Every structure is written in C-alpha cells, then in structure tokens.
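Enquirer: Below is one structure. I have some questions about it.
The values are calculated or read from the model by the stated rules, or taken from the named source; none is laboratory data. On a predicted model such as this, the values are computed, not experimentally measured, just so you know. Here the Cβ is made from the backbone with ideal geometry for all residues, glycine too, and neighbour counts use every protein chain on show. Remember, those area values only see protein heavy atoms, side chains included, never the ligands or the DNA or RNA. Shrake-Rupley method; radii C 1.70, N 1.55, O 1.52, S 1.80 Å.
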Amino acid sequence: SKSAPPKTTNLPPEAAGKAPAHGLPDADSDLAVKAIHASRVINTGQVCNGAERVYVERGVADEFISKTASAMAATRYGDPSVTPDLDMGALINAQQLDKVARKVDTAVAAGATLVTGGRRADVDKGYHYQPTVLTGCTAEMEIMRAEVFGPVLPIQVVDSFDEAIALSNDSDYGLTSSMFTKDLNKSLKGMRELDFGETYINRENFEAMQGFHAGTRHSGVGGADGKHGLYEYTRTQMIYIQS
C-alpha cells in the first residue's frame, strides 16, 4: 500500500448525525431506556453518534415514554466544579444554548408535547438546558430531522418496524443507529435495511476502537478506527505482469 493523497470534499470534516433508535415491542424496556438516556446526556448531548430521535411502536409507547421521561427527569446536572458525580454539565456556549432552546420551542409550536424539561436550567455558572423529552413528534418536524446537539429526546410513535426503518432512512444523515429487540430475525432485518454506517443492537451508541466509525449520506465523509480506518489512509494499486 502507498500513502493516499489528501481527500477533498465540500462537506465539513464532521458532518453530524441524527441517530435513530427503535424500541420494538419485545425489547427489554429497562435496558433500552438506560442505553438511550446515557446516549442522550453524555457530554450534554453534544456527541455526533448519540441517539437523537426515537421511534417506538404503539403497543409499548406509553410504558417506554413514562420510563424515559422519569430517567431524563432524574438526570443529575449542574456545575461539576461545585457538585461532583453529575450525569451532565453545561452546553459549550450561549449560541448552542439558544439553538437548543429554539428547536424545542419550535417543536412545541408545531404540535409536539413537552413531557419533561423544556427550559433553560436555573444554574448560576455555565450554559445549561434541562434534560427534555418531547412526544407527539412527526417526521416533518425540524426536531426529528435536524441535529439538536443537546439533552433533548424527541419521540415518534409508529405502527410497525417497517415504518420505523423507513422514517430512519429518510434523513440527510447516516452516521449511527440503534435498535432494541430480543428477536434475532428483526435484528438481522435491521442490519440489512438500516442505511447507516453503524447499527447498535441492545446497547448504547458508543463505538469500539476495533470497529469502524463511519457514516453514509451527509455523514459519509470518511471513517476511523479498526483496520478499515487504517485503509482510509492508503490506496490500492494493482499490478499485472505477464513475463
């Protein structure tokens, strides 16, 4: 292998994500809620591969929403220099705080229901937003299509796994995705049909170094980690000799 020439692209080096998570009827709901909550509040939601939107099937929606709202409401947040052992700190700056607040307000104005949170947090130091859950979200809403990059979890109720897959793939972004099910056949179906660089099944959205962190569509600007990441820095030259 030879050193690869520099890549050129019109997209920024980090092109964002809008990761979907699927809650199927046979899922371990406690595991799903724990994983999605962790994915949403780590670094105050400012992680490209964290779950940014949730599709839950109608039959289990009430239970899932109740448990998720309780978990988000119980999130310990504030100034870590004052209070240790927090789940979440501040957003990076005032601009990001304004962006998160605007997207939540826009969703509510468009018909989403605020279950918990939804306001700037009363913390003296830093730019804090309350952990937030929105229900009644639809595919047309900005909150389900554009990256929020904050501690906000919009939920859309669907009638089938096929509907959840179709809505997930209907996105400008294709970095990570996740699903929660005990059904191996549905896991395999999700692996085949979800058009994302990564799919996590029954666990949080955090990649391993031996894997390959990459995406599709506007998230597909290259990859890292594992042997496939190393291949990104090489190019293959084929030589045919007839003596």
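Enquirer: Of 185, 205, which residue is touching a Ser or Thr at 6+ places or on another chain (Cβ under 9 Å) and within 20 Å of residue 27 (Cα to Cα)?
Expert: 205
Enquirer: So, in region 148-164, how many residues would count as being farther than 12 Å from residue 40 by Cα and in a loop (DSSP other than H, G, I, E, B)?
Expert: 2
Enquirer: Keeping to region 129-153, report how many residues are open to solvent by less than 30 Å² (accessible area, probe 1.4 Å) and either more than 20 Å from the chain's Cα centre (by Cα) or of a type in the set (Ser, Thr, Tyr) (or both).
Expert: Total satisfying the criteria: 3.
Enquirer: What number of residues within region 204-227 are surrounded by 14 or more Cβ atoms within 10 Å (Cβ to Cβ) and in a loop (DSSP other than H, G, I, E, B)?
Expert: So the answer is 13.
Enquirer: For region 217-243, how many residues are more than 28 Å from residue 172 (Cα to Cα) and without any contact (Cβ under 8 Å) to a residue 60 or more places away in the chain?
Expert: Adding up the residues that qualify gives 6.
Enquirer: Please specify each residue of region 165-194 satisfying the condition of being surrounded by fewer than 18 Cβ atoms within 10 Å (Cβ to Cβ) and either part of a loop (DSSP other than H, G, I, E, B) or free of Cβ contacts under 8 Å to residues at least 12 places away in the same chain (or both).
Expert: Of everything in region 165-194, those that are surrounded by fewer than 18 Cβ atoms within 10 Å (Cβ to Cβ) and either part of a loop (DSSP other than H, G, I, E, B) or free of Cβ contacts under 8 Å to residues at least 12 places away in the same chain (or both) turn out to be 166, 170, 172, 182, 183, 184, 185, 188, 191, 192.
Enquirer: Can you tell me which residue within region 67-89, out of those that are among the hydrophobic types (A, V, I, L, M, F, W, C) and touching a Pro at 6+ places or on another chain (Cβ under 9 Å), is surrounded by the most Cβ atoms within 10 Å (Cβ to Cβ)?
Expert: So the residue we want is 72.
Enquirer: Now a separate question. Could you check region 27-66 and list, in sequence order, the residues that are of a type in the set (S, T, N, Q) and either part of a strand (DSSP E or B) or under 23 Å from residue 147 (Cβ atoms) (or both)?
Expert: Passing the criteria: 39, 43, 44, 46, 49.
Enquirer: Cβ-Cβ under 7 Å, sequence separation 6+ or interchain: first residue in region 16-30 and over 18 Å from residue 166 (Cβ atoms), partner among the acidic types (Asp, Glu) and outside any strand (DSSP E or B). Which pairs?
Expert: Note: pairs meeting the criteria are 16/147; 17/147; 26/183; 29/63.
Enquirer: Quick check, is residue 118 open to solvent by less than 20 Å² (accessible area, probe 1.4 Å), of a type outside the set (A, V, I, L, M) and in contact with a Phe, Trp or Tyr (Cβ under 6 Å, 6 or more places away or on another chain)?
Expert: The answer is no for residue 118.
Enquirer: If I go through region 1-37 residue by residue, how many of them are modelled with pLDDT under 60, touching a strand residue (DSSP E or B) at 6+ places or on another chain (Cβ under 8 Å) and either of a type outside the set (S, T, N, Q) or open to solvent by less than 70 Å² (accessible area, probe 1.4 Å) (or both)?
Expert: Count: 4.
Enquirer: Now, a different point. (1) touching a residue at least 40 places away in the same chain (Cβ under 8 Å); (2) touching a helix residue (DSSP H, G or I) at 6+ places or on another chain (Cβ under 7 Å); (3) in a loop (DSSP other than H, G, I, E, B): which one isn't true of residue 139, the others all being true?
Expert: Unmet for residue 139, out of (1) touching a residue at least 40 places away in the same chain (Cβ under 8 Å); (2) touching a helix residue (DSSP H, G or I) at 6+ places or on another chain (Cβ under 7 Å); (3) in a loop (DSSP other than H, G, I, E, B): (1).
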